[in-house]
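See structure below.
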Amino acid sequence: MSRWITGLLLVAALVVFALFCVTIIDEREQAFRTLLNKAEPEVLGITLNHPNLVEPGWYIVIPGLHELTRYDRRNILFHSTKRSLNTVERTLVDVDYYVIWRIADPRQFYESNRREDAAVQRIDELTYSEVRETVNKHSLADLLSGSRAEVGKEITAASEAKLAPLGVHVVDVRLGATLYPDENLPRVYERMRTERARFALKFRAEGEQQARALRSKADGESQVILAQAERESLGLRGQGDAEAAAVYSEAYSSDPEFYAFFRSLEAYRKSLDAQTTVVLSPRSGFLKYLFDMNGTPPVGARSEK
């Protein structure tokens, strides 16, 4: 009977020990544990406590002996307020930024900050200092172009170097909105309008110059084409006239009487019509084929002497 009671008491003691002296760290957490307010107390050269609890599992935490501080092991986002900064060309811009960070060493973090809200203040101070110095070394074009990513990497590296001794790992620092202050917007818009107008005048002048060059080239080419066409037309006309003369000559040599008759008919067609009165002698060579051999006009024809 006494052994049963002893067993029950032992089980009860184990249950009480598990309830009050065992804690569980899950995948989202990590912790810093001390023993008798010391991180690594030693007895006879033996370390009695491991302060950084970074792996998930169950750990012994005895009330009165141990003190446990839990921290988030996930990435944490900090978004800054808008700050007015000067670029390398002394242009004032409003910039905000965000920092992704996590606790890398619980012991360093505890000894430097203890609480996350205190760490956020220091992160804000140190990263703002790096953002200000980096923006002061770059132009506005760098902040608004593809070089923006390189600016962020530069800020991240500098912030990591300053925050690593505090147990903080800086995952990334990125610039957010980069805007002109409201009071500077009228001057900025006026400068943009002036610059656009200057570009417009430049492009218009270049376009007119190119148009004049194209028109001059086109006029020159058209003159060349017209001259070539005129030359070719004169050549073709001369060739046609020569061929026509050859045909006429051949026809005349083969039948001179018919050729003379045909040419006379062509002359009559061009010079005589119903509205024309011609006064000629019947013996005129022009009227040779309008009269018969005795000088008698054909029917319907009239001659006046």
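The values are calculated or read from the model by the stated rules, or taken from the named source; none is laboratory data. As the structure is a computational prediction, the values presented were derived from the model and not from experiment. So basically every Cβ, Gly included, is an ideal-geometry build from the backbone, and we count neighbours across all protein chains shown. Heavy atoms of the whole protein, side chains included, go into the accessibility calculation; ligands, DNA and RNA do not. Shrake-Rupley method; radii C 1.70, N 1.55, O 1.52, S 1.80 Å.
Determine the shape class of region 24-85: with a ≥ b ≥ c the square roots of the Cα gyration tensor eigenvalues, call it rounded for a/c under 1.5, and otherwise prolate if a/b is greater than b/c, oblate otherwise.
In terms of gyration-tensor shape, prolate.
At 0.36 nm per residue, minus the direct Cα-Cα distance, what do Cys21 and Gln275 gain on full extension? Give it in nm, one decimal, please.
In short, 77.4 nm is gained.
Non-local amide H neighbours of Ser139 (under 5 Å, H modeled in plane, Pro and chain starts lacking H): which ones?
Val88
Using just the C-alpha positions of region 112-255 as equal point scatterers, what log10 of I(q)/I(0) does the Debye formula give at each q in 0.14, 0.21 1/Å?
-0.89, -1.21
Counting only residues 5 or more places away or on other chains, whose amide H sits under 5 Å from the amide H of Asp172 once H atoms are built in the peptide plane?
HN-HN under 5 Å from Asp172: Ile100.
Set Lys and Arg Cβ to +1 and Asp and Glu Cβ to -1, take the dipole of region 199-253 about its Cα centre, and tell me which of Leu226, Ser216, Val247 lies farthest positive.
Projecting each Cα onto the dipole axis, the largest value belongs to Ser216.
With +1 on each Lys and Arg Cβ and -1 on each Asp and Glu Cβ, and nothing else charged, work out how big the dipole of region 44-126 is about its Cα centre, in Debye to the nearest 20. Could you put the intermediate results ahead of the total?
On the way: 11 positive and 12 negative charges, 14 e Å.
In total the dipole reaches around 60 debye.
What does the net charge come to around Arg28 if you take all other residues with beta carbon closer than 9 Å to its beta carbon, with K and R at +1 and D and E at -1?
-2
Which ³J(HN,Hα) values, rounded to whole Hz and listed in residue order, are derived for region 170-176 from phi using the Karplus coefficients 6.51, -1.76 and 1.60 in 6.51 cos²θ - 1.76 cosθ + 1.60 with θ = phi - 60°, glycine and proline given as x?
For region 170-176, the Karplus-derived couplings read 8, 6, 6, 10, 10, 6, x Hz, x marking Gly and Pro.
Output the pairs from Lys137/Lys162; Lys137/Lys202; Lys82/Lys202; Lys153/Lys202 with a Cα-Cα distance over 28 Å in this structure; if there are none, say none.
Too far apart for the 28 Å limit: Lys137/Lys202; Lys82/Lys202; Lys153/Lys202.
Please enumerate, by chain and number, the aspartates and glutamates with C-alpha under 14 Å from the C-alpha of Lys38, excluding those fewer than 8 residues away in the same chain.
Straight-line reach from Lys38, under 14 Å: Glu67, Glu111.
Residue by residue through region 261-267, what is 3J(HN,Hα) from phi via Karplus (6.51 cos²θ - 1.76 cosθ + 1.60, θ = phi - 60°)? Round to whole Hz and write x for glycine and proline.
Going residue by residue, I get 4, 5, 5, 5, 4, 5, 5 Hz, with x marking Gly and Pro.
Modelled label-to-label distance, Ala245 and Leu214, 7 Å Cα→beta-carbon offset: nm?
4.8
Taking only protein heavy atoms and a 1.4 Å probe, what accessible area per residue, in Å², does region 68-215 have with all protein chains in place? Walk me through the numbers on the way to the answer.
Working: 8830 Å² over 148 residues.
It amounts to 60 Å² per residue over region 68-215.
Have a look at Val54, Gln30, His79 and report the one farthest towards the positive end of the charge dipole of region 26-88, computed about the Cα centre with Cβ charges (Lys/Arg +1, Asp/Glu -1).
Selected residue: His79.
With an 8 Å Cα cut-off and a minimum separation of 6 or more residues, compute the relative contact order for region 65-186 in percent.
Values: 182 pairs, mean separation 42.6, N = 122.
Once divided by the residue count of region 65-186, the mean separation gives 35 percent.
What aspartates and glutamates does Lys217 reach when the alpha-carbon gap must be under 15 Å and sequence neighbours fewer than 8 apart in one chain are set aside?
Candidates past the 8-residue exclusion: Glu208.
Would you mind calculating the gained length between Glu125 and Thr47 on full extension (0.36 nm times residue separation, minus the Cα-Cα distance), in nm to one decimal?
24.4 nm
Give the long-range amide H neighbours of Val61: residues separated by 5 or more places, or on another chain, with amide H under 5 Å away, using H modelled in the peptide plane at 1.01 Å from N.
Val22, Thr23
Spelling out what I want: for every residue of region 238-248, take phi, set θ = phi - 60°, compute 6.51 cos²θ - 1.76 cosθ + 1.60 (Karplus), and round to whole Hz; glycine and proline get x.
x, 5, x, 4, 5, 5, 5, 4, 5, 5, 4
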